[in-house]
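K.L.:
One structure coming up, written as structure tokens, with questions to follow.
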Amino acid sequence: MSEKANPLLISPAARDALQTWLDHQRALNGAAENTVTAYQGDVTEFLSFMTLHKGDSQGLGALAKITIGDMRAWMASTRSGGVGSRSVARKLSAVKAFYRWLAEREGFEPTAVLLTRSPKFQKKLPRPLAEDAARALIEAVADEGRRRDWRLIRWITAEDNARARALYDKLAEATHWKTYDIKL
């Protein structure tokens, strides 16, 4: 857990609720121990922040009254601590899951928490394999084909995939076949 996640700042009722939720994640949802540990840190950090932000320990009643402004303050504080957008999104996801469960258990409306949008982050495009890795992959498939007594290995690539086609031309024979699709 980070320094910001201080269980001593959390009310006993909120601590008990969090522990019950974590036990539920472990037992009923089959969450891995690393996942449960991450959830515990993320939600503890959130509850600790809310205690400091509101100036008082946040019991279950106070947790039901968290606003969108409180959520934004937490996210801004988390980001200002050098946490990246993807990590904030992960933390928010854990907080939302906890709140969904807590609201159902305690009978309050978790709208402010659940409507909080994750920060935007740039999705990375997949990177092509380096030539030596692509060559090793093709050779591994060929070795498997030889082991299984295959007569031929065939694959398809796009016409404009010049980089990959240059490698394929070194390793295999281009055929005259052209592929066609029928979209259903």
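K.L.:
Could you put T20, T78, T116 in order, starting from the residue whose Cβ has the fewest other Cβ atoms within 10 Å?
P.N.:
Least to most surrounded, the residues fall as T20, T116, T78.
K.L.:
Still on this structure, I have one more. Looking at the chain, identify the longest residue range that excludes and avoids all trypsin sites (Lys or Arg not before Pro) in DSSP loops having at most 10 other Cβ atoms within 10 Å.
P.N.:
1-119
K.L.:
Separate question: What FRET efficiency comes out for N34 versus W101 if R0 is 22 angstrom and r is the Cβ-Cβ distance? Round to the nearest 0.05.
P.N.:
Given R0 = 22 Å and the Cβ-Cβ separation, E is 0.65.
K.L.:
Restricting to DSSP H runs of at least four residues, report the calculated mean residue ellipticity at 222 nm for the chain, -39500 (n - 2.57) per run over all residues, nearest 500 deg cm²/dmol.
P.N.:
-19000 deg cm²/dmol
K.L.:
Let me ask you something else. For the chain, what is the charge dipole size about the Cα centre, in debye to the nearest 20, if Lys and Arg each add +1 at the Cβ and Asp and Glu each add -1 at the Cβ?
P.N.:
With only Lys, Arg, Asp and Glu charged at Cβ, the dipole is about 500 debye.
K.L.:
In addition: What do you get when you divide the Cα radius of gyration of the chain by 2.2 N^0.38 Å, with N the number of residues?
P.N.:
So the chain has a normalised radius of gyration of 1.61.
K.L.:
How much length is gained if the chain between A136 and Y168 is pulled fully straight, taking 0.36 nm per residue apart and subtracting their Cα-Cα distance, in nm to one decimal?
P.N.:
10.3 nm
K.L.:
Can you flag which of K54/K91; K91/K124; K123/K170 are past 29 Å Cα-Cα?
P.N.:
In this structure, K123/K170 lie more than 29 Å apart at Cα.
K.L.:
At what distance in angstrom do the alpha carbon centres of segment 144-170 and segment 1-50 lie from each other?
P.N.:
Their Cα centres are 49 Å away from one another.
K.L.:
Helices from the chain with mean Kyte-Doolittle at least -1.0 and a Cα length along the axis of 27 Å or more, per DSSP H: which?
P.N.:
33-54, 85-106
A short reminder: the numbers here are calculations on the coordinates, not readings from a lab. Please read all numbers here as calculations on a predicted model, not as lab measurements. Methodologically, a virtual Cβ is constructed for each residue, glycine included, from the backbone with ideal geometry; neighbour enumeration extends over all protein chains shown.
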